[in-house]
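Structure record follows, encoded as structure tokens.
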Amino acid sequence: MTAQRIDGKALAEQVLAECAAKVQDLGRRGVRPGLAVILVGDNPASRAYIGNKVKACGRVGVHSQVHEFAAGTPQAEVIARVRALNADPAIHGILVQLPLPAGLDEAAILAEVAASKDVDGFHVINRGDLLGGHTRFPPCTPAGMMRMLEHAGVDLGGKHAVVVGRSNTVGKPMALLLLGRNATVTICTSKTVDLASHTRRADVLVVAVGRPGLVTGDMIKPGAIVLDVGINRTAEGRLVGDVDFASAEQVAGHITPVPGGVGPMTVAMLVVNTIEAAAG
Ligand code: NAP
């Protein structure tokens, strides 16, 4: 059996087309959605991600601006900019690109973003709402994966979902969103004993670790839906996920490729959240 690929690039195009129509509607009400991105330091991966986000905004008519700071910028200066953006009526969404350089307090800076402009869904209020089962701004990567599952026609009720990785940005919020859709959820971490014994029981397997080839075909239940969040660069410069695609696609029912899977959906959901923020 060869798994059906869930084409994140194509689905993201669909989502962005819907976004463009919504931006036009808002335009008729005199509203142009605006996104501000804060980049501190010179992490090349962050720069590339921001480039994709700015490009996607431009394609659908969302205004975007990037606020760059050198790596050694004092925390107070970054916070002052966040506060200025909170007060700027032309800006509806604020994204602080993570990771921040050492020396900056990530939690303190994220807490400064107005919850109503927190399009990444990382503010404590939005995280709390997610825990309560309802959130206006679900974090973009998990939200993108939920959209992929919906598109693939997966009914999560009663399914066993296994999430490998417990980061605040991907693993934990994904587990909560799956739970909210009545999946039975297991979360695995670096301390999990016998990872394969868990992954083999997954109807839906989400892997968000950052280790190429961590999950191989023999660790996957036949017919499972596999969502690979990992983005890793090989020594030869190739982008690969956390799942060994060649062996996994022989066993899975559905699988996301890397690149062209979860990544483009993350960008699309940021645009969705920015438009939602602008819609008020
Ligand atoms: P992270 O914050 O580094 O978290 C990694 C998680 O993996 C941790 O919870 C860690 O467990 C767990 N882990 C490490 N080794 C493990 C093992 N052997 N078995 C099971 N779990 C293990 O990473 P992240 O921010 O979630 O990102 C994960 C990957 O996704 C990275 O490659 C990142 O680049 C990528 N990513 C992609 C997108 C996208 O849009 N496609 C978005 C965000 C991130 P402990 O908590 O026990 O340390």
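Ordering ALA114, ALA76, LEU149 by the projection of their Cα atoms onto the charge dipole of segment 70-187, which places +1 on the Cβ of Lys and Arg and -1 on the Cβ of Asp and Glu, puts LEU149 at the extreme positive end. Once the chain from GLN65 to ALA80 is taken as fully extended at 0.36 nm per residue, the excess over their C-alpha distance is 3.8 nm. Using C-alpha pairs below 8 Å separated by at least 6 residues, the relative contact order for segment 1-100 is 36 percent. Volume per residue of the convex hull around the Cα atoms, evaluated for the chain, comes out as 127 Å³.
Placing a label point 7 Å from the Cα of ALA107 along the Cα-to-Cβ direction, the residues of segment 161-196 whose backbone N falls under 13 Å from that point are 168. Here the scattering of segment 107-221 is modelled by Debye summation over its C-alpha atoms, one equal scatterer each and no solvent; at q = 0.14, 0.17, 0.18, 0.24 Å⁻¹ the log10 of I(q)/I(0) is -0.59, -0.84, -0.92, -1.36.
Distances between placed amide hydrogens fall under 5 Å for VAL251 paired with ALA3, all partners being 5 or more residues away or on another chain.
Quick one: go through segment 138-167 and flag any residue whose amide nitrogen is under 16 Å from the point 7 Å out along the Cα-to-Cβ line of ASN182. Label zone hits: 150, 153-161.
Ranking request for peptides 74-81, 247-254, 233-240, 11-18: highest mean number of other beta-carbon atoms within 10 Å first, then the rest in descending order. Each step should come with its number before you reach the end.
On the way: 74-81: 14.1, 247-254: 19.6, 233-240: 10.2, 11-18: 17.1.
Highest mean packing first, the order is 247-254, 11-18, 74-81, 233-240.
Note that segment 233-239 has calculated 3J(HN,Hα) couplings of 9, 7, 4, 7, x, 7, 8 Hz, one per residue in order, obtained from phi through the Karplus relation 6.51 cos²θ - 1.76 cosθ + 1.60 (θ = phi - 60°); glycine and proline are x. The count of lysine pairs in the chain with alpha-carbon distances below 17 Å, taking only pairs 8 or more places apart or on different chains, stands at 5.
ASP7 to THR216: FRET efficiency via 1/(1 + (r/R0)^6), r the Cβ-Cβ distance, R0 22 Å, to the nearest 0.05? Mind dumping the intermediate values first?
On the way: r = 23 Å, r/R0 = 1.03.
Efficiency, from the Cβ-Cβ distance: 0.45.
Per residue of the chain, the DSSP helices (runs of n ≥ 4 H) give a summed -39500 (n - 2.57) that works out to -12500 deg cm²/dmol at 222 nm.
Using R₀ = 45 Å, calculate the FRET efficiency as 1/(1 + (r/R₀)^6) where r is the Cβ-Cβ separation of THR189 and ALA114; round to 0.05.
Details: r = 32 Å, r/R0 = 0.71.
The formula returns an efficiency of 0.90 here.
If R0 is taken as 51 Å, the Cβ-Cβ distance between GLU276 and ALA196 corresponds to a FRET efficiency of 0.85.
Just so you know, all these numbers are worked out from the coordinates, no wet-lab data involved. These numbers come from a predicted model, not from an experiment. Here Cβ is always computed from backbone atoms with ideal geometry, including for glycine, and neighbour counts include all displayed protein chains.
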